[in-house]
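Remarks on the structure that follows.
The values are calculated or read from the model by the stated rules, or taken from the named source; none is laboratory data. All values derive from a computational prediction rather than experimental measurement. All accessible areas refer to the heavy atoms of the entire protein, side chains included, with ligands and DNA or RNA removed. Shrake-Rupley method; radii C 1.70, N 1.55, O 1.52, S 1.80 Å.
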Amino acid sequence: MKLRKDDIVTVLKGKERGKKGKILKLDLAKLRAIIENVNMVKKHMRKTRDNPKGGIIMRESPVRIPNLMLVCPRCSKPTRVGYILLTDGSKKRMCRKCKEIL
Ligand SMILES: [Zn+2]
């Protein structure tokens, strides 16, 4: 998997296209990710101990991982992820645009 938790990604498709956010959660089995402040939906909450009033809150709903692209923290452009093999044999992710190791 090319994406990881805490990566900044941008959405390529759908109504949230162009939005950027941090990955809060990855569900690799379902190919879905929760991204901070992206794809917000209203959610009805039951009354619980933590939330005694219940009611409606805004919550992130999952986005399909194939619709996401990593945003490079160095050049801050959306980029495809490349891989680089280091001399010690470890494989690292690399920004294809600025060659920064991510
Ligand atoms: Zn870059």
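So if I take the centroid of the Cα atoms in region 85-99 and the same for region 1-52, what is the distance between those two points in Å?
So the separation of the two Cα centres works out to 27 Å.
Under 10 Å, Cα contacts only: if you run a Gaussian network model on the chain, which one of Arg80, Arg46, Arg64 comes out with the highest mean-square fluctuation?
Ranking Arg80, Arg46, Arg64 by mean-square fluctuation puts Arg46 first.
Kindly write out, for region 47-53 in residue order, the coupling ³J(HN,Hα) from the Karplus curve 6.51 cos²θ - 1.76 cosθ + 1.60 (θ = phi - 60°), rounded to whole Hz, with x marking Gly and Pro.
Going residue by residue, I get 6, 10, 5, 6, 9, x, 8 Hz, with x marking Gly and Pro.
If you plug each phi of region 70-80 into the Karplus form 6.51 cos²θ - 1.76 cosθ + 1.60 with θ = phi - 60°, what whole-Hz ³J(HN,Hα) values come out, in order, with x for Gly and Pro?
With coefficients 6.51, -1.76 and 1.60, one gets 5, 9, 5, x, 8, 9, 6, 10, x, 9, 6 Hz.
With a 1.4 Å probe and every protein chain left in place, work out the accessible area per residue of region 1-98 in Å², rounded to a whole number. Present the calculation step by step, with values, prior to reporting the outcome.
Numbers: 7070 Å² over 98 residues.
Value returned for region 1-98: 72 Å² of accessible area per residue.
Please report the accessible area of Met69 (heavy atoms, 1.4 Å probe, ligands and nucleic acids excluded) in Å², nearest 10.
Its heavy atoms expose roughly 50 Å² to the probe.
So for the chain, averaging the separation of alpha carbon pairs under 8 Å that are six or more residues apart and normalising by length, what relative contact order in percent results?
Rounded, it is 21 percent for the chain.
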